[in-house]
1. Can you name every residue in the stretch 64-95 that is open to solvent by less than 30 Å² (accessible area, probe 1.4 Å) and either under 18 Å from GLN122 (Cα atoms) or at pLDDT 85 or above (or both)?
2. Could you give me the residue pairs with C-beta distances under 6 Å whose first residue belongs to the stretch 305-323 and is part of a helix (DSSP H, G or I), whose second residue is surrounded by 19 or more Cβ atoms within 10 Å (Cβ to Cβ) and acidic (Asp, Glu) wherever it lies, and which are 6+ apart or on separate chains?
3. Output yes when any residue across the stretch 300-319 is farther than 30 Å from PRO159 by Cα and open to solvent by 10 Å² or more (accessible area, probe 1.4 Å), and no when none is.
4. Find the residue count for the stretch 305-335, including only residues that are among the charged types (D, E, K, R) and at pLDDT 85 or above.
5. Residue by residue through the stretch 271-285, note down the ones that are under 14 Å from PHE261 (Cβ atoms) and open to solvent by less than 30 Å² (accessible area, probe 1.4 Å).
6. Suppose we filter ALA192, ALA248 for residues that are out of contact with any Gly (no Cβ under 6 Å at 6 or more places or on another chain) and open to solvent by less than 40 Å² (accessible area, probe 1.4 Å); which single one remains?
7. Looking only at the stretch 200-239, count how many residues are part of a helix (DSSP H, G or I), within 19 Å of PHE277 (Cα to Cα) and either out of contact with any Phe, Trp or Tyr (no Cβ under 9 Å at 6 or more places or on another chain) or open to solvent by 50 Å² or more (accessible area, probe 1.4 Å) (or both).
8. Please pick out the residue among PRO194, PRO157, PRO162 that is under 27 Å from GLN236 (Cα atoms) and assigned to a loop (DSSP other than H, G, I, E, B).
Amino acid sequence: MVASRRTRPGMNDVARVAGVSHQTVSRVLNDHPNVRDSTRERVLAAIAELGYRRNSAARALVTHRSGIIGIITSGSVHSGPASTLAVLERTARAAGYFVTVAAAPHPTPELMQEIFGSFMDQSVEGVVVIAQGDEVAGAARAAFAEVPLLMISSLTPEPDDPPLVSVDQEAGARLVARYLVDQGHRDVVHLAGPEDWFDARARVRGWHTELSEADVAPRPDLTGDWSAGSGYAAGQALLEDLPTAVFAANDQMALGVLRAFAEAGVDVPGQISVVGFDDIVGADNFFPPLTTVRQDFEALGRLAIDALVAAIGGEAAARELVAPVLVERTSSGPPRR
């Protein structure tokens, strides 16, 4: 005697339980507008009762669409890339796409070729590349001819680049520079991020451009690695000759700077102002609460997925920038007298 095998419920089973046609079930699954609300509710209830799951392989054969978007990220745990990835996944699912993610912490040409090859094997409809540095951006440019592709990056675009979206990093740094100048600061310094990150370069450009236009000559930049530890080291290095303000290129480095000053008994903002970038969770609970630049990752994710879906549909997409916002808290104020 051969044991019977339980088969997975199909669309016909859903149609039978809901008392509708196979075509109506298909319309509900594809979010077709011409379905009555009461009918949609019966179909969704039947789907939940049966535990029905759409066969994406069969769907791809019928529609010639996989419904899959590939995302390439560095796997970084830093606020910007991690927040961007989380929003992209959520936004893509809301748009009806499955997501496959590949991390490239050390993006060699061989690894990038392997990732894109894997995406092609999965018949992805499009790819989003979170490009923080030259290696990933170069691979994205090479793959652009094979698949609809969009980069989330603050790199300076070239004429034949894929569509780009990003938070306007230069504008964010200019907001900080203008804010400090308006507060009366003239002796200022920037703690920059790693030079191989596009975001760090853009923030440096924005900082210096705005200060130059205000006829303010800052101190030479310091460089960190995005970590609080590197911020702490930079803060200690400044103790012998304090400027009136420090602009850290991210909130983690600002946190390290604040610790170095607190241990040395330096009053923030009485003796020196500290400003960060990102507005990470908890920045309002630093001591003192941190003045920083907020990036709207929700808007960035929606913009990126909308642009990629448009590219999949054959539409051209231009570069899009999301405006950042300065969030003033008590870590900054006028310069000491």
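The values are calculated or read from the model by the stated rules, or taken from the named source; none is laboratory data. Quick caveat, the model's predicted, so the values are computed rather than measured. Here the Cβ positions follow ideal geometry from the backbone for every residue, glycine too, while neighbour counts run over all protein chains shown. Note: accessible area is taken over every heavy atom of the protein model, side chains too, but ligands, DNA and RNA are not part of it. Shrake-Rupley method; radii C 1.70, N 1.55, O 1.52, S 1.80 Å.
1. SER66, GLY67, ILE69, GLY70, ILE71, ILE72, THR73, VAL87, LEU88, THR91, ALA92, listed by residue number.
2. Filtered contacts from the stretch 305-323: ILE312/GLU125.
3. no
4. Of the stretch 305-335, the ones among the charged types (D, E, K, R) are 306, 315, 319-320, 328-329.
This time we only want the ones that are at pLDDT 85 or above, so: 306, 320, 328-329.
Qualifying residue count, the stretch 305-335: 4.
5. The initial filter retains those residues of the stretch 271-285 that are under 14 Å from PHE261 (Cβ atoms), namely 271-276.
Those that are under 14 Å from PHE261 (Cβ atoms) and open to solvent by less than 30 Å² (accessible area, probe 1.4 Å): ILE272, SER273, VAL274, VAL275, GLY276.
6. Values: ALA248 fails: out of contact with any Gly (no Cβ under 6 Å at 6 or more places or on another chain).
Every option except ALA192 fails the conditions.
7. Initially, the stretch 200-239 is screened for residues part of a helix (DSSP H, G or I), giving 200-213, 228-238.
From what is left, the residues that are within 19 Å of PHE277 (Cα to Cα) are 200-211, 228-235.
With either out of contact with any Phe, Trp or Tyr (no Cβ under 9 Å at 6 or more places or on another chain) or open to solvent by 50 Å² or more (accessible area, probe 1.4 Å) (or both) added as a condition, the list becomes 201-202, 204-206, 208-211, 228-234.
Qualifying residue count, the stretch 200-239: 16.
8. On the way: PRO157 fails: under 27 Å from GLN236 (Cα atoms); PRO162 fails: under 27 Å from GLN236 (Cα atoms).
Exactly one residue qualifies, and that residue is PRO194.
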